[in-house]
């Protein structure tokens, strides 16, 4: 039986890239490293993990998996921190109503992360 998503995995092949990952996810967004090993780290998002392998570069292309969505209490505050740190926000904070049953009200924004990954900041309304 599936219990949920455990982690999202990314590749980062340089010490500089790993430093940027730590700066973004840990220093800026306040997550914590829960495991480290010679070829990677695992970052706790609060309800799952981001696993970063340091043994190869990742490919920068959009595929079937488009982005990482991070749940936050305050999309606007999080985006302001990201902008102030110099990251590109390519979709500004906005409200959406997903036409579903039941209707789903959200607030969201997107930025590019330190490895070129698309990161969504997301809250339910």
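The values are calculated or read from the model by the stated rules, or taken from the named source; none is laboratory data. The model shown is predicted, which means the values in this text are computed figures rather than measured ones. Positions of Cβ are generated from backbone atoms using ideal geometry, with glycine treated the same way; all protein chains shown enter the neighbour counts.
Of note:
- Against the test of being within 15 Å of residue 118 (Cα to Cα), surrounded by fewer than 11 Cβ atoms within 10 Å (Cβ to Cβ) and at pLDDT 90 or above, the options 92, 103, 88 yield a single qualifying residue, 88.
- Some residue of region 46-55 being in contact with a helix residue (DSSP H, G or I) (Cβ under 6 Å, 6 or more places away or on another chain) and under 12 Å from residue 114 (Cβ atoms): yes
- Any hit, region 96-118, residues being in contact (Cβ under 8 Å) with a residue 40 or more places away in the chain, under 13 Å from residue 24 (Cβ atoms) and out of contact with any strand residue (DSSP E or B) (no Cβ under 9 Å at 6 or more places or on another chain): yes
- Test result for residue 116, at positive phi and more than 15 Å from the chain's Cα centre (by Cα): no
- Residues in region 20-38 include at least one that is touching a helix residue (DSSP H, G or I) at 6+ places or on another chain (Cβ under 8 Å), assigned to a strand (DSSP E or B), surrounded by 11 or more Cβ atoms within 10 Å (Cβ to Cβ) and without any contact (Cβ under 8 Å) to a residue 12 or more places away in the chain.
- For residue 47, the conditions (1) assigned to a loop (DSSP other than H, G, I, E, B); (2) more than 20 Å from residue 106 (Cα to Cα) are fulfilled apart from (2).
- Residue identified as more than 16 Å from the chain's Cα centre (by Cα) and surrounded by 10 or more Cβ atoms within 10 Å (Cβ to Cβ) among 72, 45, 54, 78: 54
- Among the residues of region 9-19, those that are more than 16 Å from the chain's Cα centre (by Cα) and assigned to a loop (DSSP other than H, G, I, E, B) comprise 13, 14.
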